[in-house]
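Heads up, the thing below is written out as structure tokens.
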Amino acid sequence: MSLAHQNLAVAVGAAKQLAKSLLLDSERDGTAPTGRSSALYLSLMVMHKQLLVAEPPPPPVSQFAADLEQLARACKGRMDPVKPLIEAAVRVAREM
């Protein structure tokens with residue numbers, strides 16, 4: 001795995017962990033997570049897996065930027081705290 005993929009995997013992983021934590025908090029509060037919140041977490045989970053896989057090699061880091069930007073725009077309500085982490089991942093993807 002390239003250094004660029006490793007750096008992006010760390011950034012996406014941090015966003016994924018926060019999204020998961022927010023979903024679990026929602027469940028503990030007795031509030032059902034919205035479909036949007038669940039979809040955001042699942043998208044980050046899939047992207048994180050794509051970045052970590054060795055075979056076949058993941059696509060170039062820059063190809064993840066547009067998807068990350070779309071996910072950042074989807075951060076609303078309970079998932080709003082995830083937005084800065086996704087925006088940081090976008091910067092990592094653009095700089096590599």
### Summary
Picking from S26, S43, the residue that is farther than 21 Å from E95 by Cα, modelled with pLDDT of 95 or more and of a type in the set (S, T, N, Q) would be S43
#### Entry: Which listed residue, of A39, A15, A11, A32, is under 20 Å from E87 (Cβ atoms), of a type in the set (A, V, I, L, M, F, W, C) and without any contact (Cβ under 8 Å) to a residue 60 or more places away in the chain
A39
#### Entry: Residues located in the range 1-10, provided they are in a helix (DSSP H, G or I) and either among the aliphatic types (A, V, I, L, M) or at pLDDT 95 or above (or both)
L3, A4, L8, A9, V10
### Task
Please identify the pairs in which a residue from the range 65-93 that is on the phi > 0 side of the Ramachandran plot has its Cβ atom under 8 Å from the Cβ atom of a residue that is surrounded by 20 or more Cβ atoms within 10 Å (Cβ to Cβ), counting only partners at least 6 apart or on another chain.
G77/S37
### Task
Sort out for me the helices (runs of 4 or more DSSP H) sitting completely within the range 11-96 that have 1 or more residues that are buried (at least 19 other Cβ atoms within 10 Å of the Cβ), of a type outside the set (V, I, T) and in contact with a Gly (Cβ under 7 Å, 6 or more places away or on another chain).
35-52
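The values are calculated or read from the model by the stated rules, or taken from the named source; none is laboratory data. None of these values were measured; they are calculated from a predicted model. Backbone-built Cβ (ideal geometry, glycine too); neighbour counts: all protein chains shown.
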